[in-house]
Structure formats: C-alpha cells, structure tokens
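Beneath this line is the structure, given in structure tokens, with notes to follow.
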Amino acid sequence: MTFRLSSRAALRFATAFAVAALSTSPGPAFASDAQQMCTGDAMRLCGHEIPNVQRITACMHKQRANVSAGCRAVMDRDNTARRRAAAGE
C-alpha cells in the first residue's frame, strides 16, 4: 500500500514537472505533449529528485542527452519558444 501511494505521488510530481517545467505556452496541446513525452523520462532519470519540481527540472536539463527523442523534441520546442520570447519576436 505504501509503495502504491509513493508511486502515485511520484507520478503526480513527474507529471507536474512535464507540464509546468517544459511548458512556456498555456495551450493544452503543448502541455499534453510535454506530459505524454516526458513523464516516463522524468520518473526514470530524475525520480530521486521527487517531490522538488525545481530539482526535477534541473535534473532533466542535465540528463537531456539521455531523454527519449519525443521528450527532447518537446524540450527543444520549449527552448526555441523561450529564445523567441526573449528576443521579443
């Protein structure tokens, strides 16, 4: 029972990471992409940082070379959006 609760909590935090940390756009499609593509990677690579979303985010960026292709695409899209926003486009 404790393991089940811990797994649920870990999944919630990994999902929160995927949605909050990677999404610069409030659009539900983008948030859904981030959640779908990155939750597994967040659990696998950075589960030890749960429940700290900021540490999960930092870990995911450090582990970028090890994330799945889908998650990397979401991260790249996010980085491009941030650069454009910073440039005032």
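Could you please tell me which pairs satisfy a Cβ distance under 8 Å, a separation of 6+ or placement on different chains, a first residue in segment 46-57 that is without any contact (Cβ under 8 Å) to a residue 24 or more places away in the chain and among the acidic types (Asp, Glu), and a second residue that is assigned to a helix (DSSP H, G or I) and open to solvent by 60 Å² or more (accessible area, probe 1.4 Å)?
Taking only residues 6 or more apart or on different chains, the pairs are Glu49/Arg55.
Let me confirm something: among Ala65, Ala29, Ala85, which residue is over 10 Å from the mean Cα position of the chain (by Cα), surrounded by fewer than 17 Cβ atoms within 10 Å (Cβ to Cβ), modelled with pLDDT of 90 or more and not in a loop (DSSP other than H, G, I, E, B)? Give the derivation first.
On the way: Ala29 fails: modelled with pLDDT of 90 or more; Ala85 fails: modelled with pLDDT of 90 or more.
Result: Ala65 is the single residue among Ala65, Ala29, Ala85 that is over 10 Å from the mean Cα position of the chain (by Cα), surrounded by fewer than 17 Cβ atoms within 10 Å (Cβ to Cβ), modelled with pLDDT of 90 or more and not in a loop (DSSP other than H, G, I, E, B).
The values are calculated or read from the model by the stated rules, or taken from the named source; none is laboratory data. Small disclaimer: the values here were computed from a predicted structure and weren't measured. Every residue, glycine among them, receives a Cβ derived from its backbone with ideal geometry; neighbour counts consider all protein chains shown. Only protein heavy atoms, including side chains, enter the accessible area calculation; ligands, DNA and RNA are left aside. Shrake-Rupley method; radii C 1.70, N 1.55, O 1.52, S 1.80 Å.
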